[in-house]
Structure formats: structure tokens, C-alpha cells
Amino acid sequence: MGELQLMKGNEALAEAAIRAGCKGYFGYPITPQSEILEYLSEHGPPRGMTVLQAESEVASINMVYGAAGAGARAMTSSSSPGISLMQEGLSYIACAELPCLIVNVNRGGPGLGTIQPSQGDYFQSTKGGGHGDYRLIVLAPSSVQEMASFVFEGFDLADRYRNPVLILADGALGQMMEKVTFPAYDPEEHRILKPWATDGARDGKERRIITSLHIQPEKMEELNLRLEAKYNLIREQEVRFELVEAADADILIVAYGLSARIAHRAVDLARERGINAGLLRPISLFPFPTEAIRALAERVRGVLVVEMNAGQMVEDVRLAVEGAVPVRWFGRMGGIVPSPDEVLQVIEQMDGAPQETVAEEVYQ
Amino acid sequence: MTSQISTMQTVDENLNCVYVKPDTLTDARLHYCPGCGHGVIHRVLMEVVDELGIREETVGVAPVGCAVFAYNYMDIDMQEAAHGRASAVATGVKRMLPHRYVFSYQGDGDLAAIGTAETIHTVNRGENILMIFVNNAIYGMTGGQMAPTTLLGMKTSTTPSGRISSGVGHPLKITELIALLPGAGYVTRQSVHTPNAVRKLKKALTRGFTMQREQQGTSFIEIVSNCPSGWKMNPLDSNRWLEENMLTVFPPGDLKTPSERKKES
Ligand SMILES: Cc1ncc(C[n+]2csc(CCOP(=O)(O)OP(=O)(O)O)c2C)c(N)n1
């Protein structure tokens, strides 16, 4: 069975990577996630993992391309500016359908910004990020436990769909210490055949080519359609979310990651004051829990999106709600984490406000 | 007199076989312009892989550039790479498969402009791979723009009056820089403009592969090559021009051999 430990989020994630059978880690230091590289530099090699401090994030992601293409479980981690540098490589990886894990411990931007936690990379993570039509599977942990668990799940999803998986965390989750249990996980049992990998055309096997180049438009469109079919399958099969007191909610909060923890507290405070608030926490940001939000929107009076950015996920929530009820947004930026009381105030306003006022505020 | 009796075989007037296409070259028709050095380099490279008997043990990486389609011709496991990133991709492959022979096949724009950081650091780490650097002094694939290795005075579509050093700098002798790095085990410059040069190149490539077996650091082979289309010359003239101009700026020969490397460390 699992073992209980007290760990920092970044370290729990790194430890999980070793236990998940990741064979190649390639990364470049950046706050607030350097502990991943540091932890792996110490603990990875003795346990069979190649750990390489690359010359840049551009190099890291292309090393991941090579390693994943060679058939190994491979990963990199970084924070926002470094993830921006990786976008070309990610687009190639998505097109060549190489399974791998990328971790973004999101910090505040734009620019060099701040090293404090943020959710400002939601668009970049969920809408493609690099050039062309592609999607990453995006998992958003909200606890140290999930920082670890999603590594196992992430590698399994990546292998199953031959698709890059992104864990989108934030600086606070990386740095906080919590209890974590590592599941019993034998990478051998989760190993799937990768007949497409370029590991040497041995034993009379046909040689293999890994490429993202399809110069004939018809061939490229064929690939685009195949990718879209895969993304649609992922949308059908892999939506993950958590509900808290949502069944009888009048006001539904939608929040992920660290914001969801704050929102959860705000829901508790609201319930103490007799307001029926509830929470939907998207766990997979792609695929997004559109259907679940849509269904709940039929039953609530208003929806509140809480995020640590200028309003990014709120666009997906509005698309899901389709105008059924007013959708309000509340967030902080710059690395500032909203307090449960701030969120509670918005809930109270929504609860007290006549319907029209709430609707107006949406478009202010 | 020789005549080609198929794409596989060339015979002389007595029907003696003088050339057989290596098994590791596919039958696909080359997309390269007539007279381009890439075709010869592909052939020699695959001959070496064949003769060393390492077809099943070899993984090649070719990035964006004229040779991005190398995988259509080299009948081995191959990965295409983003522009400039071939050595990073090759690093990823080699680190996961240390017992495979891994090579990158890069142009001058790829290796010495957009990918300079990856080039220097791959060699500095002493990755046990073979880096093949085809220097044609121009951006072939995108239609003949200036490359970092474009010679002074040379006309390209972005240096219409000829390259002058002020503003765009001198031709970059990256191979000389590479030879300074302790991680480099074998650094040499070759060309493919004459049969003799091709023979020497073949020796160099063989050494580049066997070095990997011996874990002797990065092998780096620059191949000075032509680009008849980009240079706007016929193939013969381009090879003559190469000899007279390219080889004075980029002189052939070994810049570093494994024994010299041992002295360094
Ligand atoms: C990021 C990026 N920038 C630019 C290009 C366009 N591009 C493709 S090949 C190339 C230059 C190729 O020159 P070189 O590496 O010398 O190889 P050659 O074509 O001469 O063989 C350029 C600029 C690209 N594909 N990707």
C-alpha cells in the first residue's frame, strides 16, 4: 500500500516522476519550481533516471522530443517564461504525437513578472499555446497529493493517447508542504508497447520515422483530422472535475487549482451565513467540464468564476453556460492570492442582488 | 565509360560492377537539385552505416533545412527536428539509448545560427553522438538567403550586393570554435566536390561512428558542400567555385583528433 510522507509540492511531484518510471528528465532552473530539477538531480540517477540540466528550455523540450521519440517516459518542468520558450517544441511534439509530461508551475506575468503564484497561463495551456491546431491534456492539481498523483495519471494518459500532458500548477502548490501518499505503482505494469518509437530498426522490424512534416496539404489535413478525432475522444473520455456542495447550490463557483481551495473555504463561509453556495473544480482544464457546468447552470441563480488572472477560464465557463444565468468573474493578479473573505463578499453581493444587477455586472 | 543499369548498380564497359547502392539507401527519388552535395553525402553516410553493419543500431536526426526529408532516403530509424534543435533531439535519443549510434545532420543555418546554443552545449557536454554539419554557405531551403557561413562578397537574396562584414559580421567558423571544447573528441572538415574528397569524407564518417562505440566524446564533421541553385551556378562551376573560394576560408583537414583530446584532459 501507499506510504504517507510530508513533502513540498515540487518534491512530491519529482518523487512521483521517479516512481512513475520516467527515464529522462530535462530541465532548466526557474523559480518557483527549481526544486524539481534539484530533487531529481539528487534522487533520480541512483534510481535509474537520466537527469540533465539543459542549456535552455528550448533545448529541454527538444531533448524531451528525442527521448520520448526513442520510446522512453520523458518529462520537463518549468515556470511561465520557460514554458513560453517551449511552445514551438510542444507544437512539434503534439504533431509528432509523442507522449511526454510537461509541468508548468505557473508564476505571474506577463514578462518576467513575479515569482509569486498565478493562473495567468490558462489560455496558453488550454488553447494550444504554440502554432497550429493542437491540444495538450491539461491537469490542474490543487493539493500536494495531486501534484504527485497527476504525474502517474499524466504519464498513463500521455502513453494512452500519444499526446503531451501538461500539469498546470502554481507557485503556492509547488512550495506548500502537505501530507502525500504515493500509490503502489509498478511502471512495468503500466508499460505499453510503442512500436512507433525510433529505438533502432532491429530484428527485421521496419524502420520508423518520427516527424511533424506533412508537406502535401491533403496529407496534412488528414493528420489534422486525425488529431481532432483524438481530441474529441479525449473530450468524451477524460473530463475530470470535483463537486463541493453543488447539488442544492444557488450560486456556483467555478475555480481550479489554488483558487479552488480558496473558493472551497468561501463556500463554507457562505453556507455558515445561510447562502447556498457550491463549487465545481475543473481538474482537467483540457478537456474542460463543459457539460457538467452547463447542466448545473440550469439549476443555479448565478455562476462565479474565481481565478488568479485577468479572466481567462471565465471565457470557457461562459461558453458552457450559454447565457442561461449570469456569469460573474472575480480574480487577483500579480501573484496576489485572493482571500476567502474577498470571494465571500462577491458571493454575498450576488446573493443579495436583484437578477438584473448581476447580469449587468457581467459585462462591466 | 560507365553506365547506370539501374538505380542500384553502375557497371563499366566490361559489365564489371563499379558501384552498388547501399541497402540503407531507399529507392526514393532524391528531391535535391541536380548536382547538390546532399545526395553524395547521403550515399556515403549510408555506405558507412552499411559497412559497419549498424543499420539496426542507428538513429538519425535531421532538422528543418533542405535535408529535412533525409528520412525518405536513409532507410534507418529517424527523427525530424525543429530548426536548430537537432543536437538537442539527438541528445534526448542518445541519453535514452546509450548503446545506439546517433547522428544529427544539420545545415549551416541550423547548426551555426538558430541552433548555435544547442550546438555548443551538446559538444561541451561531450555527448557521444556524431554531428554532421553540411556547410553550403547559404539557406538552401528558404531560397538562398545569407547564412552565418556566407563568404564575404558572396551574393545572396538578403545580401544582394554581396556580404560585407560591417553590420552582418564575418563568415562564422564554428568548427574552429567547436574544436576548442574539451567535450569534442574528433573535429574535422571535409568536402564532397571531388572523388578524392568523398573518399576522405567516408573515412571521417567511419571514424565518427566508431568513436561512439569507444565513448570518446562528440564527433563533429563539417562537410563543405555546394548549392548550385542558391549560388546560381551549374554543378561543375559550383564545385570549382567551392574549391577556389570556400576551401580557402574553410580549409579541409582535422582540427582535433582523439589523441589530442587526451592530452587536454
Ligand atoms: C523557427 C524557424 N525559423 C525559420 C524557419 C525557416 N527555415 C527553414 S530551413 C531554414 C534555413 C535552412 O538553412 P540551412 O540550415 O543552412 O540548411 P539548407 O537548407 O541550406 O540545407 C529556415 C530559415 C523554420 N522552419 N523554423
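The values are calculated or read from the model by the stated rules, or taken from the named source; none is laboratory data. Everything numeric in this text was worked out from a predicted model, so none of it was measured. Using ideal geometry, Cβ is built from the backbone for each residue, glycine included, and neighbour counts are taken over all protein chains shown. Keep in mind that these areas ignore ligands, DNA and RNA; they rest on the heavy atoms of the full protein, side chains included. Shrake-Rupley method; radii C 1.70, N 1.55, O 1.52, S 1.80 Å.
Average accessible surface for chain A: 39 Å² per residue, computed with a 1.4 Å probe over protein heavy atoms with every protein chain in place. Ranking B:L15, B:L97, A:L85 by solvent-accessible area of protein heavy atoms (1.4 Å probe, all protein chains present), from largest to smallest, gives B:L15, A:L85, B:L97. Selection among A:L285, A:V346, A:V305 by position relative to the dipole of segment A:242-363 gives A:L285 as farthest towards the positive end (Cβ unit charges, Cα centre). Of the three principal axes defined by the Cα atoms of the protein assembly as shown, the extents in descending order read 100, 56, 45 Å.
Normalised by the number of residues in chain B, the mean separation of alpha-carbon contacts (under 8 Å, six or more apart) gives a relative contact order of 17 percent.
With +1 on each Lys and Arg Cβ and -1 on each Asp and Glu Cβ, how big is the dipole of segment A:242-363 about its Cα centre, in debye rounded to the nearest 20? The partial results should precede the final answer.
Numbers: 11 positive and 19 negative charges, 52 e Å.
Computed about the Cα centre, the dipole is about 260 debye.
Per-residue surface analysis assigns B:V11 an accessible area of about 10 Å², computed on protein heavy atoms at 1.4 Å probe radius. Amide H to amide H distances under 5 Å link B:H83 with B:V64, where only residues 5 or more positions off or on other chains count and H is placed in the peptide plane. B:V18 exposes around 80 Å² of accessible area when a 1.4 Å probe is run over every protein chain in place. For the residues of A:22-32, the average number of beta carbons from a partner chain within 10 Å of their own beta carbon is 1. Residues considered: A:R73, A:R261, A:R160. Largest GNM mean-square fluctuation over chain A, using C-alpha springs under 10 Å, is found at A:R160.
If the only charges are +1 at each Lys and Arg Cβ and -1 at each Asp and Glu Cβ, what is the size of the charge dipole of segment A:3-237 around the Cα centre, to the nearest 20 debye? Mind dumping the intermediate values first?
Values: 21 positive and 29 negative charges, 77 e Å.
Value, rounded to 20: 360 debye.
Between Rg and the Kirkwood Rh of chain A, both from Cα atoms, what is the Rg to Rh ratio? Computed over Cα atoms, the ratio is 0.99. With the simple spin-label model, which puts each label point 7 Å out from Cα in the Cβ direction, the A:E42 to A:L6 separation comes to 1.7 nm. If you sort the three axes of the alpha carbon gyration tensor as a ≥ b ≥ c, you get a/c of 1.5 or more for segment B:1-149 and a/b no higher than b/c, which makes it oblate. Distance distribution P(r), segment B:182-243, all Cα-Cα pairs, bin width 10 angstrom from 0: 22, 39, 25, 13, 1 percent. Local charge for A:E315 was computed over the other residues whose Cβ lies under 15 Å away, with Lys and Arg +1 and Asp and Glu -1, and equals 0.
The share of accessible area on segment B:23-264 that comes from carbon and sulfur is 55 percent, using a 1.4 angstrom probe.
Partners of A:K179 within straight-line reach, counting lysines whose Cα lies under 23 Å from its Cα and excluding those fewer than 8 residues away in the same chain: A:K8. Cα centroids of segment A:24-103 and segment B:147-191: 31 Å apart. Listed values for segment A:286-300 are Karplus-derived 3J(HN,Hα) couplings in whole Hz (6.51 cos²θ - 1.76 cosθ + 1.60, θ = phi - 60°), namely 10, x, 8, x, 4, 4, 5, 5, 4, 5, 5, 4, 5, 10, 9, and x replaces Gly and Pro. Taking other residues whose beta carbon is less than 15 angstrom from the beta carbon of B:M74, and scoring Lys, Arg as +1 and Asp, Glu as -1, yields -4. Counting Cβ atoms of other protein chains within 10 Å of each residue's Cβ and taking the mean over peptide B:93-104 gives 6. Residues whose amide H comes within less than 5 Å of that of A:G21, counting only those at least five positions distant or on another chain, are absent (H built at 1.01 Å from N in the peptide plane).
Across B:K203, B:K256, B:K21, A:K23, the residue with the most accessible area heads the list, and the full order at a 1.4 Å probe is B:K203, A:K23, B:K21, B:K256. Partner lysines whose Cα lies under 19 Å from the Cα of B:K256, excluding those fewer than 8 positions away in the same chain, are identified as B:K173, B:K200, B:K202, B:K203. What's the long-distance tail for segment A:182-232, i.e. % of Cα pairs beyond 14 Å? Within segment A:182-232, distances greater than 14 Å cover 72 percent of Cα pairs. The Cα center of segment B:49-121 and the Cα center of segment A:165-236 differ in position by 21 Å. Helix content alone sets the calculated 222 nm mean residue ellipticity of chain A: runs of n ≥ 4 DSSP H residues at -39500 (n - 2.57) each, divided across all residues, give -13000 deg cm²/dmol. Extension gain, A:E178 to A:E348, is 58.1 nm, computed as 0.36 nm per intervening residue step minus the present C-alpha separation. Excluding same-chain neighbours fewer than eight residues apart, the lysines reachable from A:K194 by a Cα-Cα span under 22 Å are A:K23, A:K205, A:K230, B:K94.
When the Gaussian network model of chain B links Cα atoms closer than 10 Å, the mean-square fluctuations of B:R240, B:R43, B:R55 top out at B:R240. For the residues of B:53-63, the average number of beta carbons from a partner chain within 10 Å of their own beta carbon is 4.
Taking amide H as placed 1.01 Å from N in the peptide plane, the amide H of B:T159 sits under 5 Å from that of B:M146, each at least 5 places away or on another chain.
Which percentage, to the nearest 5, of the DSSP beta bridges contained in chain B is antiparallel? Just about 30 percent of them are antiparallel. Protection proxy ranking, highest mean first, for peptides B:104-114, A:246-256, A:268-278: B:104-114, A:246-256, A:268-278, where packing is the per-residue count of other beta-carbon atoms within 10 Å, averaged.
Secondary structure note: in segment A:242-363, about 20% of the DSSP beta bridges are antiparallel.
This model, with +1 at the C-beta of Lys and Arg and -1 at the C-beta of Asp and Glu, gives segment B:1-87 a dipole about its Cα centre of some 380 debye.
log₁₀ I(q)/I(0) of segment B:23-264 at q = 0.07, 0.09, 0.15 Å⁻¹, via Debye over equal Cα point scatterers, no solvent, to two decimals? The Debye formula, applied to the Cα set alone, gives -0.20, -0.33, -0.97. By DSSP, the beta bridges lying fully in the protein assembly as shown are antiparallel in about 30 percent of cases. Interface B-A: total buried accessible area of about 2700 Å², 1.4 Å probe, protein heavy atoms only. Our analysis of segment A:242-363 gives Rg over Rh at 0.92, with the two radii drawn from alpha carbon positions and Rh computed by the Kirkwood formula.
Based on C-alpha pairs under 8 angstrom that are at least 6 apart in sequence, chain A has a relative contact order of 17 percent.
Restricting to Cα atoms and excluding each atom paired with itself, what does the Kirkwood estimate give for segment B:65-171 in Å?
On the way: mean 1/r = 0.0680 Å⁻¹.
By the Kirkwood definition, the hydrodynamic radius is 14.7 Å.
Calculated on the alpha-carbon coordinates, the convex hull of segment A:9-163 measures out at 92 cubic angstrom per residue. Of A:F26, A:F182, A:F286, which has the largest mean-square fluctuation in a 10 Å C-alpha GNM of chain A? Result: A:F182 has the largest fluctuation of those listed. Ranked by the mean number of other Cβ atoms within 10 Å of their residues, highest first, the peptides B:168-176, A:63-71, A:327-335 fall in the order A:63-71, A:327-335, B:168-176.
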